[in-house]
Structure formats: structure tokens, C-alpha cells
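As C-alpha cells, the structure follows; a few thoughts come after it.
Laboratory data are not the source of any read-out in this text; all were calculated from the coordinates shown. The structure presented is a predicted model; accordingly, all values stated were derived computationally and were not measured. Virtual Cβ from ideal backbone geometry, glycine too; neighbours counted across all protein chains shown.
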Amino acid sequence: MQLARQFLGESVLLCLISFLLTILFSALLLSLFNQLAGKTISHGIFEHPLYLLILFLSAIGIGLLAGIYPALVLSSFKPSTVLKGRFATGSSGSILRKGLVIVQFTISIGLVIATIVVYNQMNFMRSQDLGFTKDQMMVINTNGDPGKNAFQHAITGLPGVISTTMSSSVPGGGNPGAYSEIENKKGDLQIANLDLYFVDWDYINQYKIKMAAGRSFSRDFQTDSTQSMVLNEAAVKMFGYSSPGQAVGRRFKQWGREGKIIGVMKDFHFHSLQQPIKPLSMRIEPNGCDLVSVNVSTAHLPVTIAAIENKWKVLIPSRPFSYFFVDEFFDKQYRTEERFGKLFLNFAILAIFISCLGLLGLTSYSTLQRTKEIGVRKVMGATVTNIVSLLSRDFLKLVFISFCIAAPVAWWFMHKWLQDFAYRIHIRWWVFMVACVLAVLIALLTISFQAIRSAIANPVKSLRTE
């Protein structure tokens, strides 16, 4: 009982020291964690007595749980056996040790697979052709100020400004849905709720949205400002047309305006790739356009922005000048996934580190148990490579077992996660291969030091009589 109490006391003491270090490092790293996770957790949590009491009791509980097994096992050894250098334990202890290592590596490999999948999905979304240009596109919100048209005309001729256009929405932002009636393939007016962009004449050309059929808005046609609409391919399919050209010239009614469809745009991603492309309509409506999109040159960009701001202060002095770039604005939609990937990466590194500690402890124990066996093998002619291979083989089996458990579980979870994206990758076989090879290399690196040290030791020392 005295020995058991000593082992339990040491385990609890270690956990209490860890508890104090945890509070210290958590307080120091909280700001970094908030940035990584996109959360706002205040330092007040470390000053709350109830939280501290729960953590303190948890530390004691973990210490008791972690120490109770070695306390009972080690205190039950026979002194005569231990003093002769024989520390052999039953099969149950071996199963427990190996089981813990398998659990640790299963979690590590699963997190590695998840991290690779998340980063591949993010790269896939960023590499996709969005159907429009978002580079060098600066957007200024006039908030409907009466001077918005004068401001647009004033900045159009500035050095560094390539072109300008006005609209109610830009890709990545919000837009209204409009009650619409569109002539379908049968010739009937079909009711639908279409996403709507109010634009000016140059919007489609400036954003380089390609036309699938018909034409874009043009100042050469006076009716375009009052009687014309442009749809995207998704809208055309919704109304039963097999090709975009079939929709050109068809009738429409929308929010009190009637006219004809003059063209069909190729589908472009005006929302994130998590969503399928929705049916979209565009109309000329100067009064509804509050956003000024400015295609700027990258050369002398700060000077160009300063010149635009000067025009703003003269023509719209009552409102603060603010702007954003479409590429950054559009990419904001993926920040949650980016944080998700970073969290997985950090937890994967932490899990691998903990797994290596467990594997290192198991390696040290195993080599100690097989000291005489290693000595005998060396005397019989075994090389260092043979010994290292012998010691490594059993541990690599544990890693492969962990991989066999982690791979299907990680695939299932990440497959479910990918279902939230309308446009997504397929989880390839090489993802699992990379995770497996990485786990094997980390395991070999962890056990190699202890294995090599045992393999090169002088066998005379291990074969001495008790």
C-alpha cells in the first residue's frame, strides 16, 4: 500500500504541475488561438473560480486514473525477481500498452488524412475558373449617394484606372431575389424567383463574363435600358431550354418591367463553390446601382487609390471613403474552411507528438525486456541491421493496424464534410498512402534511436550472470 500510494502520489503531482503549466501557457497563447480558430475567448475564463476548480479536480482525477495501473502492477512485483533484472509482466499489460499506442496513432493518421483533404479542397476551389475576372477589381460602395454618377465619371479618366462600371452587387456579395415571369419552351410565362443584378452597360464586359448566346447590353440599343434582360445558363435550363440560343428573344416580366431576353451569359460563380450556380438575371437599372467597380492597374496602385479618394472627398464629402478588392472579398467566403484546415494541421502535429512519446516509451520498455535476447542474437552473428529490423517490426505492425482503422473512418468523415460543397474533389488513394508513409517514417524515426543503441551495445554486459 505504501508503494501504491507513492506511485499514485507521483502521478497526481505530475498532473498538478501540468495543470499549473496549462493555465500559464493557455493564458499566454489564448490570443494566438483566437486568431487561429476565429473565436473570441477572453482571459476571464482563467479567473473564474468554478472553471479553475473543475480543471483542478480534473487534474487530480487524471492523475489517479493514469497512476492506478502502474501503482498496482509495480507494487506487486516480487523483490527477488526484480533484483535479478527480470521485469516481465502478463499479457494484459502488453495488450494495454499496445492498445494505447494504436489509439494514439489512429488519431494521428486520421488527422493527417483530414488535413490533406481540407487543403486539397481549398486549393481546388481557388484554382477553379470562376467564369469572371476578380483580379485588380476595386469596389467602392456609394450607399446610393446622389453624387455617385458624377464620382464614377470623375475617376474614369484617372491614370491607373482602366475602366469603371456600376452595379447593385458583385461576386461574393449578396443580391436580391426577384419575382419573375419568363417565357418557357412551351411559350407560357413561367413564374420563378430569380437572383437579380442591377448593372450598367459595361458590367459584363469589365468582369469579362462570357456570352453563351445573343449579346450583352449595348448603348447602341435604346431599349436595353428599359426592355432588355440577360440570363445565365442555369436560368435557361430551369425554363426548359436545351440550348442557350433558344431563350434569346423570349418574353419576360419582372418587378413591373416587361421586355425580351437579349442574351445568355455563361454560368459564373457569383457565390462560393459551396453552392451550385443559381439562376441569375441582369437588367440595366442606374438607380439601383450603388457599387462602383474600378479596374485598376497594379502599377503605382497606392497613388491611384489616393487619387480616387481625392475625387471622393470632393464629390461625396459627407460619407467616409472605403473600398475592398473583389478577389479578397470573394475569398472571405472560405475563411471558415481555412481555419478548419489550420486547426486540423495543428491538432495533427500535436497528436503525432503525443503518439511518438507513447511509442518511445513502449520501445524503451520492449528493448529492456529483450536485452538478453539481443545479446544472444549478436553472439550468434546477428548484425545491427538485423537487430534494428527485429525491434522495429513489431512496432510497425502497430502503425499498420492504426492505419487500417484510421483510413476508413477518416474517409467517411471527410466524405461527409465534402458533401457541403457543390464543387468538390474526390478523395484519392494517394492521400492515404501519404498518411501511411508519413506515419511509418515518424515511427521509425522515433524507435530508431533506442533500437540502434540496443543493437550496438556490448553483448557481454547483457549476458553476465545474475
Relative contact order %, the chain, counting alpha carbon pairs below 8 Å whose residues are six or more apart: 22 percent
Given the chain, what percent of its DSSP beta bridges are antiparallel, to the nearest 5? 75 percent
Dipole of the chain [Lys/Arg +1, Asp/Glu -1 at C-beta], most positive-end residue of Asn205, Leu64, Leu291: Leu64
Just to be sure I understand the rule: take each whole DSSP H helix in the chain, project its Cα atoms onto its long axis, keep it if the span is 24 Å or more and its mean Kyte-Doolittle hydropathy is at least 0.5. Which ones pass? 2-37, 49-74, 91-127, 335-369, 384-418, 429-455
Measuring from label point to label point, each 7 Å out along Cα→Cβ, what is the Leu100 to Asp327 span in nm? 5.1 nm
Anything over 22 Å Cα to Cα? Flag those among Lys134/Lys260; Lys311/Lys332; Lys134/Lys266; Lys148/Lys253; Lys134/Lys342; Lys98/Lys397, in the order listed. Lys134/Lys260; Lys311/Lys332; Lys148/Lys253; Lys134/Lys342
Note down the nm distance, to one decimal, between modelled labels 7 Å out along Cα→Cβ at Ala307 and at Trp417. 4.7 nm
Rounded to whole angstrom, the alpha-carbon centroid of the range 197-229 lies from that of the range 261-315 at a distance of 14 Å
Using alpha carbons only, how many angstrom separate the centre of the range 324-380 from the centre of the range 137-156? 53 Å
Projecting the Cα atoms of Met1, Leu441, Gly341 onto the charge dipole of the chain, where Lys and Arg contribute +1 and Asp and Glu -1 at Cβ, the residue farthest towards the positive end is Met1
Charge dipole of the range 137-332 about the Cα centre (unit charges at C-beta), most positive-ward option of Val236, Asn149, Phe321: Val236
What is the dipole size for the chain, taken about its Cα centre, with +1 at each Lys and Arg Cβ and -1 at each Asp and Glu Cβ, in debye to the nearest 20? 2040 debye
